[in-house]
Amino acid sequence: DGFLLAMAVAGEADYLVTGDRRAGLLQRGSIGRTRIVTPATFCAEAL
């Protein structure tokens, strides 16, 4: 998952959407301007 996070940050993505609760990304919440959210949160906020 580290490479996905690196791409999201390098690309200045607004969101990184993941359902993987074991990787620890969701607990982090955000990095830089990129918010790390579940699919449900993304749908509720961005669509």
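The values are calculated or read from the model by the stated rules, or taken from the named source; none is laboratory data. The structure displayed is predicted, hence computed values, not measured ones. All Cβ positions, glycine included, derive from the backbone under ideal geometry; neighbour counts span all protein chains shown.
Things to note:
- If you go through region 29-47 and keep only what is loosely packed, with under 12 Cβ neighbours inside 10 Å and touching a Lys or Arg at 6+ places or on another chain (Cβ under 8 Å), you end up with just Gly29.
- If the condition is being under 14 Å from Leu5 (Cα atoms) and at pLDDT below 90, then region 21-47 contributes Ala23, Gly24, Leu25.
- Sole residue being at negative phi, surrounded by 11 or more Cβ atoms within 10 Å (Cβ to Cβ), outside any helix (DSSP H, G or I) and not hydroxyl-bearing (Ser, Thr, Tyr), chosen from Leu26, Leu5, Leu16: Leu16
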